[in-house]
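Enquirer: Dropping the structure in here first, questions after.
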Amino acid sequence: MPVHDNGAYRTLCERFGAAGRLYGAKISLFWDSMTYMPRGGAWARGEQLAAIDAARRDLISAPDVDELLSSAFAAVDSLEPVERANLREMQRLARHEAAVPKFLMMEKAREVAKAQVAWVSARQANDFDQFAQAFGALMPLNREIAFAKAQVLSLPPYDALMDEADPGLTSDIVDPIFDDLSSALPTLLAEVIDRQASLAAPIPFSGDCSAERQRVLAYKLATAVGHSTENLRIDVAPHPFTLVGAPGDNRITVRFDTSNFRFAVMATLHESGHALYEAGLPRAHCFLPVGAPRGATTHESQSLMLEMQASRSQEFLSWLAPQLQEAFGGDPACWSVANVLRAYRRIEPGHIRIEADEISYPLHVILRYRIERALLNGDLSIADIPGAWSELSQALLGRRPPNNAVGCLQDIHWAAGLFGYFPNYALGATLAAQLFDRAVRDDPAVLHKLRDGDFSAYRAWAGPRIHARASQVPFAELVSEATGTRLSPESLKRHLRRRYLEEAL
């Protein structure tokens, strides 16, 4: 950033930059806890993460921060546009940090470490009571933090939590979109299932789908997207995720299921989209708030543009089919483009969000959103989560989960302390459709090049419009500049109807 005489701004940059570096260290420790750390290290790791959170807080919400912000804003004319954006982001983060007492955040970090271990064990054992005990200690902290933030930010409690991960998004924006989707998608889902009932089922896949062969394919897919082993590694975890502790250090996890290789394929593409966004952030603003991704919805849109929009297209699947045959062998007929297309477009009754088809996916998220709000408002007890989950699943998806492991225990988010985070997944799918529609209209090569597994045109479109912008503009402005309109469910609904009811199968 340019050198100028705004001393208060420089001091803030030093502090927030140090806080950003500490956050990177925290991310690396969290990744280790979910991949290689022995279970016995959970208590100590919780203490380490709590200490990092405390140190970050001391930097971001020091007693003189308000005075420094006031001085920096008084001399705002000396700043470049990107620096002004950075100053606004520093103020936003400082308000969030100052809203919650330090002891409360440290207590949450400790309970999160315990809840994550409990979740892994509870999910494996299909034992909700085991998780409920740990979540029972964490949920009151979520509620206390939400109400503290709400008071400072002048927002409803759930909106205050959303604002931390998705600044600018409120229930007034989310609810109309979710109401629209929850009205339209169940009907569309039924139409598609009825249409596919008259079609021949795809030939079952065969071959050697061992975890090692899937791992080799996963790296091949990540390379096609635009990564290299110099900046990315792939490991195994119960729940796929992407973490970036520092530029050039992109770490993704997947799960290799020998009976369902398609999960690893799409999880790799999904997480590679997240990592591609992180890799495209401007290095000049690394560790500063303005250099961070523009919220969770934008981040999720970048993973779903790859997984849902690009990688389930006829163009990409025509390239993927021979790659699958090369990777796994077996009956050549099952790897024909037509069969792979039928398999990937087939709507199968399921219960897992991250394995869901494009139509069901937003409905899975709306279910979680409604449960979270009821929990936060005190309208739903932890003990009643399984029953509420089953009822909402029946209402939105037309089916009930057979057990809690594939129902309310399937996601790590509540154990990880992520509350008010789920909406971004459905909003990300909504934005992904809107962005990809505009990208293809701007440059048809974005879609056409996928026939060769070539994402270069996609990267050329998304890079300057999304990745390089980081947090330089508000979310609404980023969306309108990239697509020409505000966030809307219309592109997603058109896309789903066209792909599943109008295109040939």
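Enquirer: Specify which of the listed residues (470, 504, 432, 460) is outside any helix (DSSP H, G or I) and closer than 26 Å to residue 247 by Cα.
Expert: Details: 504 fails: closer than 26 Å to residue 247 by Cα; 432 fails: outside any helix (DSSP H, G or I); 460 fails: outside any helix (DSSP H, G or I).
It is 470.
Enquirer: Taking the stretch 296-330 on its own, how many of its residues are open to solvent by 10 Å² or more (accessible area, probe 1.4 Å), touching a helix residue (DSSP H, G or I) at 6+ places or on another chain (Cβ under 8 Å) and farther than 20 Å from residue 252 by Cβ?
Expert: Going through the stretch 296-330 one residue at a time, the tally reaches 6.
Enquirer: Here's another thing I want to ask about it. Of the residues in the stretch 439-480, how many are crowded, with 20+ Cβ neighbours inside 10 Å and touching a Phe, Trp or Tyr at 6+ places or on another chain (Cβ under 6 Å)?
Expert: Number of matching residues: 4.
Enquirer: Name the pairs: first residue in the stretch 243-268 and open to solvent by 40 Å² or more (accessible area, probe 1.4 Å), second residue of a type in the set (Lys, Arg) and part of a loop (DSSP other than H, G, I, E, B), Cβ to Cβ under 6 Å, at least 6 apart or on different chains?
Expert: Every condition considered, no pair remains.
Enquirer: From 208, 163, 159, 194, grab the single residue that is open to solvent by 20 Å² or more (accessible area, probe 1.4 Å) and closer than 30 Å to residue 473 by Cβ.
Expert: When all the criteria are applied, what remains is 163.
Enquirer: A further question follows. Considering each residue of the stretch 31-42, count those that are touching a helix residue (DSSP H, G or I) at 6+ places or on another chain (Cβ under 7 Å), in a helix (DSSP H, G or I) and either among the acidic types (Asp, Glu) or open to solvent by 20 Å² or more (accessible area, probe 1.4 Å) (or both), and give that number.
Expert: Residues in the stretch 31-42 being touching a helix residue (DSSP H, G or I) at 6+ places or on another chain (Cβ under 7 Å), in a helix (DSSP H, G or I) and either among the acidic types (Asp, Glu) or open to solvent by 20 Å² or more (accessible area, probe 1.4 Å) (or both): 2 in total.
Enquirer: Can you tell me which residue in the stretch 331-382 is most open to solvent (accessible area, probe 1.4 Å), limited to those that are under 19 Å from residue 266 (Cα atoms), part of a helix (DSSP H, G or I) and β-branched (Val, Ile, Thr)?
Expert: 337
Enquirer: Here's a follow-up. Failed condition for residue 412, given (1) out of contact with any His (no Cβ under 8 Å at 6 or more places or on another chain); (2) assigned to a loop (DSSP other than H, G, I, E, B); (3) within 30 Å of residue 466 (Cβ to Cβ), with all others met?
Expert: (1)
Enquirer: Mind listing whichever residues of the stretch 481-494 are among the small types (Gly, Ala, Ser) and either surrounded by fewer than 17 Cβ atoms within 10 Å (Cβ to Cβ) or in contact with a strand residue (DSSP E or B) (Cβ under 8 Å, 6 or more places away or on another chain) (or both)? Show your work before the answer.
Expert: From the stretch 481-494, those among the small types (Gly, Ala, Ser) are 482, 484, 488, 491; that's our starting set.
Of everything in the stretch 481-494, just one residue is among the small types (Gly, Ala, Ser) and either surrounded by fewer than 17 Cβ atoms within 10 Å (Cβ to Cβ) or in contact with a strand residue (DSSP E or B) (Cβ under 8 Å, 6 or more places away or on another chain) (or both), namely 484.
Enquirer: Pick from the stretch 1-58 the residues that are of a type in the set (Val, Ile, Thr) and farther than 20 Å from residue 97 by Cβ: which of them is modelled with the lowest pLDDT? Steps first, answer last, please.
Expert: Of the residues in the stretch 1-58, the ones of a type in the set (Val, Ile, Thr) are 3, 11, 27, 35, 52.
Cutting the leftovers down to farther than 20 Å from residue 97 by Cβ gives us 3, 35.
On the way: 3: 45, 35: 89.
So the residue we want is 3.
Enquirer: Another one. Within the stretch 105-114, can one find any residue that is β-branched (Val, Ile, Thr) and open to solvent by 60 Å² or more (accessible area, probe 1.4 Å)?
Expert: Keep residues of the stretch 105-114 that are β-branched (Val, Ile, Thr), which gives 112.
Right, trim to open to solvent by 60 Å² or more (accessible area, probe 1.4 Å) and you get none.
The answer is no; no qualifying residue exists.
Enquirer: Right, here's the next one. Within the stretch 153-160, is even one residue over 23 Å from the mean Cα position of the chain (by Cα), assigned to a helix (DSSP H, G or I) and under 30 Å from residue 331 (Cβ atoms)?
Expert: No - not one qualifying residue is present in the stretch 153-160.
Enquirer: Moving on. Being in contact with a helix residue (DSSP H, G or I) (Cβ under 6 Å, 6 or more places away or on another chain) and open to solvent by less than 40 Å² (accessible area, probe 1.4 Å) is true for just one of 75, 62, 94. Which residue is that?
Expert: Values: 75 fails: in contact with a helix residue (DSSP H, G or I) (Cβ under 6 Å, 6 or more places away or on another chain); 62 fails: in contact with a helix residue (DSSP H, G or I) (Cβ under 6 Å, 6 or more places away or on another chain).
Result of the check over 75, 62, 94: 94.
Enquirer: Being in a helix (DSSP H, G or I), closer than 14 Å to residue 376 by Cβ and open to solvent by 60 Å² or more (accessible area, probe 1.4 Å) narrows it down to one of 147, 135, so name that one. Quick ask: steps written out before the conclusion?
Expert: On the way: 135 fails: open to solvent by 60 Å² or more (accessible area, probe 1.4 Å).
When all the criteria are applied, what remains is 147.
Enquirer: Something else now. Against the definition (more than 27 Å from residue 337 (Cα to Cα) and either among the charged types (D, E, K, R) or in contact (Cβ under 8 Å) with a residue 24 or more places away in the chain (or both)), how does residue 433 come out, yes or no?
Expert: No.
The values are calculated or read from the model by the stated rules, or taken from the named source; none is laboratory data. Since this is a predicted model, take the numbers as computed values, not measurements. Glycine gets a Cβ as well: all are built from the backbone with ideal geometry, and neighbour counts include every protein chain shown. These area figures cover heavy atoms from the full protein model, side chains too; ligands, DNA and RNA do not enter into them. Shrake-Rupley method; radii C 1.70, N 1.55, O 1.52, S 1.80 Å.
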